[in-house]
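The values are calculated or read from the model by the stated rules, or taken from the named source; none is laboratory data. Everything numeric in this text was worked out from a predicted model, so none of it was measured. So basically every Cβ, Gly included, is an ideal-geometry build from the backbone, and we count neighbours across all protein chains shown. Just the protein is used for accessible areas: all its heavy atoms, side chains included, with ligands, DNA and RNA removed. Shrake-Rupley method; radii C 1.70, N 1.55, O 1.52, S 1.80 Å.
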Amino acid sequence: MCGIVGIVGQEPVAGRLVDALRRLEYRGYDSAGVATIHDGRLDRRRAGGKLFNLEKKLDEEPLPGIIGIAHTRWATHGVPNVTNAHPHFVDGVAVVHNGIIENFSELKDELVSDGAVFESQTDTEVVAHLLAKYRREGMSQRQAMLAMLNRVSGAYALVVIFQDDPNTIMAARFGPPLAIGHGRGEMFLGSDAIALAPFTTEITYLVDGDCAIMTRNGVEIIDYDGKPLVRKSQISQAAAFMVDKGNHRHFMEKEIYEQPEIISHALGHYIDFASHTVKPNQSDIDFGAVSGLAISACGTAYLSGLVGKYWFERYARLPVEIDVASEFRYRELPLSPSQAALFISQSGETADTLASLRYCKEQGLKIGAVVNVKESTIARESDAIFPILAGPEIGVASTKAFTCQLAVLAALAIGAGRARGTVTAADEKAMVKHLAEMPRIMSRVLNEIQPQIEALSRELSRFKDVLYLGRGTSYPLALEGALKLKEISYIHAEGYAAGELKHGPIALIDEYMPVIVIAPHDRFFEKTISNMQEVAARGGKIIFITDEAGAAASKLPTMATITLPNVDEIISPMIYSLPIQLLAYHTAVFMGTDVDQPRNLAKSVTVE
Ligand code: G6P
């Protein structure tokens with residue numbers, strides 16, 4: 001989704017604004033722009049495509065000025081081209097925006113009938129026109145800002161500068177996040193603290209309905225009626241994380257390989273490595289007392305929730321209602337305050353997940369957030385935060401956040417089982433021991449399978465369609481494998497529950513359709529082997545991801561067999577995530593795609 005930055009500084013800002021935009025690149029974008037005020041005049045540079053196009057323009061035509069705003073745009077209304085790129089200018093007003101102005105067409109009709117001429121196809125331009133109109137009518141900059149905020153509806157982070165006030169940046173938030181950075185004689189703002197990390201660590205997060213008036217001396221936060229609000233600043237940890245690729249080709253590769261270390265750190269928060277027990281749950285959610293769980297999330301986070309469903313039902317005997325958040329929020333699902341709800345989100349800002357959370361809150365449920373960003377909106381609106389501690393995930397395709405979400409959900413499910421008396425102390429000890437051993441096994445697997453997967457990926461990159469099959473917790477992994485492959489290699493891929501093969505996808509099986517079967521030698525193995533048999537009988541090419549016991553038990557011919565160590569069921573989803581991540585990664589590398597920023601995708605989806 002769009003990235004926003006702004007600086008009211010003491011020295012030229014254009015270069016620093018572009019550097020800050022670079023730290024927001026991971027969010028996904030298709031054009032970019034920057035605007036400054038210099039010598040009483042607003043000016044801007046905008047470019048389609050990647051940031052180097054904007055930098056080239058700035059090299060050719062530098063943009064002086066010590067106050068400025070900048071934006072990377074992920075197109076919603078209007079194609080990604082220079083005219084639709086932000087900042088939008090109208091009569092000395094410059095605006096950048098993340099989100100959607102839902103009443104833009106009604107406002108546009110009104111403004112056009114007043115004589116306004118629109119340049120772009122964006123919803124954002126109505127904001128600039130409204131502000132310019134209010135200024136023409138004699139309002140001050142502040143009055144115009146508040147009047148505009150009282151007219152627009154939808155989801156937005158909006159940042160505005162006025163040509164006739166080169167000392168102030170105004171901003172407002174309703175939905176997508178905005179962070180204010182406090183400097184010495186300079187102030188900053190950005191879509192997240194990572195963007196501002198080189199400038200400052202002191203951050204104030206705006207909440208929905210806040211309007212910020214920022215000068216070099218500080219920030220004043222008011223509501224849309226102009227009444228003052230108090231928001232505390234905090235020291236952000238964002239700067240503590242190295243946001244670079246190290247010696248890896250892509251962030252995705254780095255994030256895949258850091259999983260053993262990171263997951264060990266995350267597990268340390270939830271389990272006691274010495275006693276092999278789950279640490280007591282200090283949160284406001286009493287898993288021992290709740291009557292059921294509602295889980296909602298989007299994308300990869302939804303798929304970790306789907307694995308969590310199997311665990312909570314099996315180990316804690318807790319019924320779980322789960323759905324993708326974009327459906328959950330509108331289903332009018334009957335819920336009871338005796339249930340608890342869990343929302344899983346790497347960013348903690350996904351609009352649909354947040355809306356589902358608010359729905360459950362209205363129904364009186366206790367809310368738990370399984371999030372990576374502890375300062376995020378979803379975390380802030382929850383009764384209990386279960387951090388996944390994965391560190392910043394930059395690759396758009398989620399990898400380490402997925403396995404950390406799984407590790408946290410596994411610990412929570414075991415803990416819930418203990419609280420409910422459905423997991424014995426001995427079972428807890430055994431399962432936690434497996435979790436504790438997992439990082440070591442992950443390291444071993446990553447090292448051992450890499451050459452085979454790389455070679456196999458070259459072959460896979462020649463196909464147009466791929467099917468993934470799995471049963472039990474391997475079913476969500478089949479969905480995740482297909483999602484990972486399609487989002488970064490653009491090869492069409494579908495994941496199916498192995499038992500559903502006969503109900504449709506079997507019609508597609510031929511020698512041009514590789515079928516990736518995820519089947520550890522578990523309770524479901526024999527059933528899945530029968531499904532593999534059905535594929536083999538129709539000439540399908542099988543890529544078999546199994547363990548030593550599974551490889552020994554199957555006599556079926558395969559295109560490749562990826563053999564992992566025999567592991568306990570509780571850790572197999574995390575271990576089997578590794579080959580599916582590496583397969584997608586290397587296939588995308590062979591295809592030559594933009595692995596870290598795949599086309600059309602955004603890391604943090606702050607609109608519906
Ligand atoms: C986008 C990202 C996915 C992510 C999903 C949910 O689609 O590209 O990687 O799984 O959003 O994001 P969240 O931040 O809520 O986990």
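Values for this structure:
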read-out: Lone unmet requirement of (1) crowded, with 18+ Cβ neighbours inside 10 Å; (2) modelled with pLDDT under 95 for Ile562; value: (2)
read-out: Segment 300-323, subset within 22 Å of Ala407 (Cβ to Cβ) and open to solvent by 40 Å² or more (accessible area, probe 1.4 Å), residue nearest to the ligand (Cβ to nearest atom); value: Tyr302
read-out: Condition check for Tyr224: in contact (Cβ under 8 Å) with a residue 24 or more places away in the chain, among the hydroxyl-bearing types (Ser, Thr, Tyr) and either in contact with a Leu (Cβ under 7 Å, 6 or more places away or on another chain) or assigned to a loop (DSSP other than H, G, I, E, B) (or both); value: yes
read-out: Qualifying residue in segment 146-154 (condition: at pLDDT below 95 and closer than 19 Å to Gly3 by Cα); value: yes
read-out: Residue count for segment 430-456, restricted to those that are among the acidic types (Asp, Glu) and under 17 Å from Thr399 (Cβ atoms); value: 1
read-out: Qualifying residue in segment 557-569 (condition: among the hydroxyl-bearing types (Ser, Thr, Tyr), away from the ligand (no atom under 16 Å from the Cβ) and assigned to a helix (DSSP H, G or I)); value: no
read-out: Matching entry among Tyr512, Tyr475, Tyr496 (being touching a Pro at 6+ places or on another chain (Cβ under 7 Å), more than 16 Å from the ligand (Cβ to nearest atom) and open to solvent by 10 Å² or more (accessible area, probe 1.4 Å)); value: Tyr496
read-out: Filter pass, Tyr330 being assigned by TED's automatic domain parsing to the domain that holds Val290, part of a loop (DSSP other than H, G, I, E, B) and open to solvent by 50 Å² or more (accessible area, probe 1.4 Å); value: yes
read-out: Those residues of segment 241-259 which are modelled with pLDDT under 90, surrounded by 14 or more Cβ atoms within 10 Å (Cβ to Cβ) and of a type outside the set (Lys, Arg), in sequence order; value: Val243, His248
read-out: Selection count, segment 1-43, where residues are assigned to a loop (DSSP other than H, G, I, E, B), free of Cβ contacts under 8 Å to residues at least 40 places away in the same chain and buried (at least 24 other Cβ atoms within 10 Å of the Cβ); value: 0
read-out: Candidate set: segment 185-194, residues that are touching a Leu at 6+ places or on another chain (Cβ under 9 Å) and either at pLDDT 90 or above or β-branched (Val, Ile, Thr) (or both); chosen: the one most open to solvent (accessible area, probe 1.4 Å); value: Ile194
